[in-house]
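K.L.:
Handing you a structure now.
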Amino acid sequence: VCRRWSRNGLVMDPGYLNLGKGRMGNSFNSAHAKIRVALKYCGGCDPAYDRVSYQERIAAAAAGHIEWVSIENPPFEAVLVINGCHRACKEKDLASEHQWRIISVRDDLADPILIVKKLFNREVSDD
Amino acid sequence: MIKTKEEYINSIKQLKANVYYRGKRVEDASAHPAFIPHINSAAKTYEMALRPEFEDLLTATSHLSGKKISRFTHIHQSVDDLIKKVQMLRLIAHETGSCFQRCVGFDALNATYMTTYDIDRKYETNYFERFKEYLKQVQEKNIMLVGGMTDPKGDRSKRPSQQVDRDLFTRIVERREDGVVVSGAKAHQTGAVNSHEILILPTQSMGEEDKDYAIIAAIPLDTKGITLIFGRQTNEERKLEGGIDSGNPEFGMVGGEALIIFENVFIPWDRIFMCGETDFTGILVERFATLHRQNYGGCKGGVSDIIIGASALASQYQGTLGASHVKDKLIEMMHLAESVFAGSIACSAMGSKTASGAFYPDTLLANCTKHNITRNIYEIARLAHDVAGGIIATMPFEDDLKSPEVGKHVEKYMAGVDGVSSETRMKIIRLIETMTGGTALAESMHGAGSPQSQRVMYQRLGKLGEKMKLAKKLAKIPEKD
C-alpha cells in the first residue's frame, strides 16, 4: 500500500520502501538502475541550515545510484528541491510551472536515506 | 561576457580609468590595496551567480533575449522578481558583511526603462528602443554600472541654472550633430572605481529653465574627460594592513564611494536616453529613489545578521551570553533586523506593473523601509556596542598581540572564557567595531537619500486627509466639521 508523503512527515506503510539494507540504514543499496535527478536549490536568502552540506549527505546516502543533473538538462526522474527554510519559495515556483515529480526538503531533519528512497519511488511527489 | 571573479577583475584592469587615491593617480585600479576589499565585494555578485545554491536569486531570465543573465542587469517582470531582489541582497550581505555596490546601477536601469517608455509616449521620441538596445548589451556583457544620481548641488537654496558655478549640477554644455558634451560631477558614487560604466541621471526634479540638466546617458568610465577621486572612510587604511585590525579583512566597510568629475565629456546619441525633457525628471528621480530604498531591508538586514552573530559570539567569548539582559538585547537586534527586512518584502509584495511592463515597488512602503534604516541600524549598532563592551574602543593593536615584548600580556589580558584564544576574541571585537561605526553608520543615514527626503513622501502619499475622515466617522463627527 502506497501512501503519499506529507509535507509534515512520513505517512506510509513502514515496509513499503524496504528497498535497501533497512529503512533507516546509512546508505542506499537499491537493486534498481541508476536514476537521473535534477537538483535545484532555492536562492538561499536566509537559510536555516547548510543546504549544500545536506545535499551532499543525500548524495552520499544514494551511494552512486543517482546521477545529479540540472533542471536545464532533462530528462530526469524527479527534481530534488532544497529549500533553505519552510517558506519553500522554490518548491512553490516549480510546482506551479511544471509537471515534474518534485521532492522537496525544507530542513535537514530527515535522514538522508529517506529522501533517497522518496526519489526512487515514482508514486511519491511533493508537488 | 564577464562570468567569473577573475574575468571581472581583469576587465577592471583593462579599463584604465583616470582614478585618484590620496592625491595620486592609480595606474591599476584592480590591484590597489585600498580598492581590493570593494572589488572583492562586487566580485561576489559574479562568483555567487555561478553557484547552484545561489543562482535562483543571483540570476534571472532576460525578457529581451530569453537568456540567463545576472539579476543585477534584469528588468523586474513580476512581484516575484521584486521580492527576489530583496532576498538576493540579504543573501550577498551574508557573504560580504558589506555593500556589494551593484544595486545602484540595477535601480538606475529599471528607473530608466520605465521612464523612457513614458517619455516616448508623450513626445514620440525613440529613447525606449534605444535604451533597450543598450540594456541588451549590458545584459550580454554583464558589466557593472554606477547609478549616477547625486550631483554636488552647491547652494541648495538655488536651482541648477541659478548656481554661481553651473558645473555643480551635471549639465549639457554643447549639443552636436553626433551627440552632446557634458560637464559637472556626481558625488558619493558607489563602486565607481571598480565599475565599467556610469548611467547618469538628473539629480532632482527640474524646471523648464533647467533643460540642460535633464539628461540620462550611459558613459564608459574610461572616457576622456572623466576623473574619479576615491573617498576617505573611517579607518580605511587598516585595510592596507590586512589582518585582525581591519575587522573584515576581505571586504569593504561600505561601497567604496568616489567623486566623479566630467570635463567636457562627449556622449554619442545612441547612449542618451533623456535630453531636456524636464517634465519627466521628477518621476524618474522618484522611481530611482523608490527602487533604491526598497533595497535597504535586504542588504542592511543581511549586514545586521552578521552584527548580531558577531555580538552573540563576543558575549559568548567573554562569558555573558547566558545573561538574560544580553539575550534580550540580541532578541531586540533580531526584531529590528527582521522589521527592516519585512519592510523591503512588503513594498515588493505590494509592487505593481508600470506602463512599460516593468514592475515597481510600492513607493510609500519603500520610503518607510529606508526611513527605518536610518533608525534601526543605528540602534542595532548601539546594542552591539552595549553587548560587546568598551573593549571595542580600547583594544590593543594586532601588532601588540604579535609583539615579542608585550604579546604575552595581550594574550593574557584579552582572555575570556576558557577554550577560546585571545586572538579569536580580538577578531570578533574588531569585526563589530568595523561594522558599527563611522562611515558604516553614515551610509545607513544618507544612502538612497537622507531621512528628510523620505519624510517628504509621507506628506505626499500618506493620505492624511483620508485618515482624518476615518477618525471623524468613528467619532460620529459630521463630514463638514
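K.L.:
Would you check if B:Val406 is among the β-branched types (Val, Ile, Thr) and more than 22 Å from the chain's Cα centre (by Cα)?
P.N.:
Judged against the criteria, B:Val406 is a match.
K.L.:
Still on this model: Please work out which one of (1) in contact with a Lys or Arg (Cβ under 6 Å, 6 or more places away or on another chain); (2) part of a strand (DSSP E or B) is the condition B:Ile216 fails and give its number.
P.N.:
In the conditions (1) in contact with a Lys or Arg (Cβ under 6 Å, 6 or more places away or on another chain); (2) part of a strand (DSSP E or B), B:Ile216 misses (1) alone.
K.L.:
Considering each residue of region B:127-148, count those that are assigned to a helix (DSSP H, G or I) and either aliphatic (A, V, I, L, M) or without any contact (Cβ under 8 Å) to a residue 40 or more places away in the chain (or both), and give that number.
P.N.:
Residues of region B:127-148 that are assigned to a helix (DSSP H, G or I), as a first pass: B:127-141.
Applying the additional criterion that residues be either aliphatic (A, V, I, L, M) or without any contact (Cβ under 8 Å) to a residue 40 or more places away in the chain (or both) yields B:129, B:135, B:137-138.
Adding up the residues that qualify gives 4.
K.L.:
When the residues of region B:29-65 are narrowed to those that are more than 14 Å from chain A (Cβ to nearest Cβ) and among the polar types (S, T, N, Q), which ends up surrounded by the fewest Cβ atoms within 10 Å (Cβ to Cβ)?
P.N.:
Once the filter is applied, the top-ranked residue is B:Ser65.
K.L.:
I'm checking my understanding of the structure. Among residues of region A:30-75 that are in a loop (DSSP other than H, G, I, E, B) and among the hydrophobic types (A, V, I, L, M, F, W, C), which one is farthest from A:Arg122 (Cα to Cα)?
P.N.:
A:Cys45
K.L.:
Among the listed residues B:Leu291, B:Leu330, which satisfies the condition of being more than 14 Å from chain A (Cβ to nearest Cβ), assigned to a helix (DSSP H, G or I) and either touching a strand residue (DSSP E or B) at 6+ places or on another chain (Cβ under 9 Å) or surrounded by 24 or more Cβ atoms within 10 Å (Cβ to Cβ) (or both)?
P.N.:
Exactly one of B:Leu291, B:Leu330 is more than 14 Å from chain A (Cβ to nearest Cβ), assigned to a helix (DSSP H, G or I) and either touching a strand residue (DSSP E or B) at 6+ places or on another chain (Cβ under 9 Å) or surrounded by 24 or more Cβ atoms within 10 Å (Cβ to Cβ) (or both), namely B:Leu291.
K.L.:
For region B:4-23: of the residues being among the basic types (Lys, Arg) and outside any helix (DSSP H, G or I), which is surrounded by the fewest Cβ atoms within 10 Å (Cβ to Cβ)?
P.N.:
Within region B:4-23, the match that is surrounded by the fewest Cβ atoms within 10 Å (Cβ to Cβ) is B:Arg22.
K.L.:
Look through B:Leu365, B:Leu401 and report the one residue that is more than 28 Å from B:His74 (Cβ to Cβ) and surrounded by 14 or more Cβ atoms within 10 Å (Cβ to Cβ).
P.N.:
When all the criteria are applied, what remains is B:Leu401.
K.L.:
Checking B:Arg51 against (1) part of a helix (DSSP H, G or I); (2) over 23 Å from B:Gln189 (Cβ atoms); (3) more than 21 Å from the chain's Cα centre (by Cα), only one condition comes out false. Which one?
P.N.:
Single failed check for B:Arg51: (1).
K.L.:
Filter region B:302-353 down to the residues that are β-branched (Val, Ile, Thr) and closer than 20 Å to B:Tyr378 by Cβ and list them by number.
P.N.:
Going through region B:302-353, the residues β-branched (Val, Ile, Thr) turn out to be B:303, B:306-308, B:320, B:326, B:331, B:340, B:345.
B:Val303, B:Ile306, B:Ile307, B:Ile308, B:Val326, B:Ile331, B:Val340, listed by residue number.
K.L.:
Here's something else I'd like to know. When both residues are 6+ apart or on different chains and their Cβ atoms are under 8 Å apart, which pairs have a first residue that lies in region B:402-416 and is in contact (Cβ under 8 Å) with a residue 60 or more places away in the chain, and a second that is part of a helix (DSSP H, G or I)?
P.N.:
Every condition considered, the pairs that remain are B:Gly416/B:Tyr317; B:Gly416/B:Ser422; B:Gly416/B:Arg425.
K.L.:
Moving on to the next point. Can you report the number of residues in region B:455-481 which are part of a loop (DSSP other than H, G, I, E, B) and either of a type in the set (Phe, Trp, Tyr) or farther than 29 Å from B:Asn367 by Cα (or both)?
P.N.:
Adding up the residues that qualify gives 7.
K.L.:
Which one of B:Pro33, B:Pro37 is part of a loop (DSSP other than H, G, I, E, B), under 20 Å from B:Ser246 (Cβ atoms) and touching a helix residue (DSSP H, G or I) at 6+ places or on another chain (Cβ under 9 Å)? Spell out how you get there, then give the answer.
P.N.:
Values: B:Pro37 fails: part of a loop (DSSP other than H, G, I, E, B).
Only one candidate qualifies: B:Pro33.
K.L.:
Could you check how many residues of region A:78-105 are touching a helix residue (DSSP H, G or I) at 6+ places or on another chain (Cβ under 9 Å), within 12 Å of another protein chain (Cβ to nearest Cβ), at pLDDT 85 or above and not in a strand (DSSP E or B)?
P.N.:
Residues in region A:78-105 being touching a helix residue (DSSP H, G or I) at 6+ places or on another chain (Cβ under 9 Å), within 12 Å of another protein chain (Cβ to nearest Cβ), at pLDDT 85 or above and not in a strand (DSSP E or B): 4 in total.
K.L.:
So, B:Gly255, is that one at pLDDT 95 or above and at negative phi or not?
P.N.:
Against the criterion (at pLDDT 95 or above and at negative phi), B:Gly255 does not qualify.
K.L.:
Taking the condition outside any loop (DSSP other than H, G, I, E, B) and in contact (Cβ under 8 Å) with a residue 40 or more places away in the chain, does B:Leu431 pass?
P.N.:
Considered against the rule, which asks whether it is outside any loop (DSSP other than H, G, I, E, B) and in contact (Cβ under 8 Å) with a residue 40 or more places away in the chain, B:Leu431 comes out as yes.
K.L.:
For B:Gly298, indicate whether it is part of a helix (DSSP H, G or I), free of Cβ contacts under 8 Å to residues at least 24 places away in the same chain and within 14 Å of chain A (Cβ to nearest Cβ). Walk me through it before giving the result.
P.N.:
Details: part of a helix (DSSP H, G or I): yes; free of Cβ contacts under 8 Å to residues at least 24 places away in the same chain: no; within 14 Å of chain A (Cβ to nearest Cβ): yes.
When the stated conditions are applied, B:Gly298 does not pass them.
K.L.:
Within region B:66-102, can you find the residues that are away from chain A (no Cβ under 13 Å) and in a strand (DSSP E or B)?
P.N.:
B:Ile69, B:Ser70
K.L.:
Please go through region A:38-50 and pick out each residue that is surrounded by 21 or more Cβ atoms within 10 Å (Cβ to Cβ) and within 7 Å of another protein chain (Cβ to nearest Cβ).
P.N.:
Those that are surrounded by 21 or more Cβ atoms within 10 Å (Cβ to Cβ) and within 7 Å of another protein chain (Cβ to nearest Cβ): A:Tyr41, A:Cys42, A:Gly43, A:Gly44, A:Cys45.
K.L.:
Given the options B:Val86, B:Val26, name the one that is under 30 Å from B:Lys239 (Cβ atoms), in contact with a helix residue (DSSP H, G or I) (Cβ under 8 Å, 6 or more places away or on another chain) and surrounded by fewer than 24 Cβ atoms within 10 Å (Cβ to Cβ).
P.N.:
The match here is B:Val26.
K.L.:
All but one of (1) under 21 Å from the mean Cα position of the chain (by Cα); (2) buried (at least 16 other Cβ atoms within 10 Å of the Cβ) hold for B:Arg238; state the number of the condition that does not hold.
P.N.:
All conditions pass for B:Arg238, except number (1).
K.L.:
Kindly check whether there is at least one residue in region B:302-314 that is in contact with an Asp or Glu (Cβ under 7 Å, 6 or more places away or on another chain) and either part of a helix (DSSP H, G or I) or within 29 Å of B:Ser246 (Cβ to Cβ) (or both).
P.N.:
no
K.L.:
Among the residues of region B:170-187, is there at least one that is of a type outside the set (Val, Ile, Thr), in a helix (DSSP H, G or I) and more than 14 Å from every other protein chain (Cβ to nearest Cβ)?
P.N.:
no
K.L.:
Is it the case that region B:385-397 has a residue that's within 18 Å of B:Pro249 (Cα to Cα), touching an Asp or Glu at 6+ places or on another chain (Cβ under 9 Å) and assigned to a helix (DSSP H, G or I)? Break it down into steps so the answer makes sense when it comes.
P.N.:
Initial filter on region B:385-397 (within 18 Å of B:Pro249 (Cα to Cα)): B:392, B:395-397.
Next cut, touching an Asp or Glu at 6+ places or on another chain (Cβ under 9 Å) only: B:392, B:395, B:397.
Imposing the further condition that a residue be assigned to a helix (DSSP H, G or I) reduces the set to B:392.
Yes, some residue in region B:385-397 is within 18 Å of B:Pro249 (Cα to Cα), touching an Asp or Glu at 6+ places or on another chain (Cβ under 9 Å) and assigned to a helix (DSSP H, G or I).
K.L.:
Tally time: how many residues in region A:53-77 are free of Cβ contacts under 8 Å to residues at least 12 places away in the same chain, at the interface with another protein chain (Cβ under 10 Å from one of its Cβ atoms) and surrounded by 15 or more Cβ atoms within 10 Å (Cβ to Cβ)?
P.N.:
Qualifying residue count, region A:53-77: 0.
K.L.:
Mind checking which residues of region A:106-119 are surrounded by fewer than 22 Cβ atoms within 10 Å (Cβ to Cβ) and either assigned to a loop (DSSP other than H, G, I, E, B) or more than 9 Å from the chain's Cα centre (by Cα) (or both)?
P.N.:
If the condition is that a residue be surrounded by fewer than 22 Cβ atoms within 10 Å (Cβ to Cβ) and either assigned to a loop (DSSP other than H, G, I, E, B) or more than 9 Å from the chain's Cα centre (by Cα) (or both), then A:Arg106, A:Asp107, A:Asp108, A:Leu109, A:Ala110, A:Asp111 are the ones that fit.
The values are calculated or read from the model by the stated rules, or taken from the named source; none is laboratory data. These figures come from a predicted structure and were not determined experimentally. Here Cβ is always computed from backbone atoms with ideal geometry, including for glycine, and neighbour counts include all displayed protein chains.
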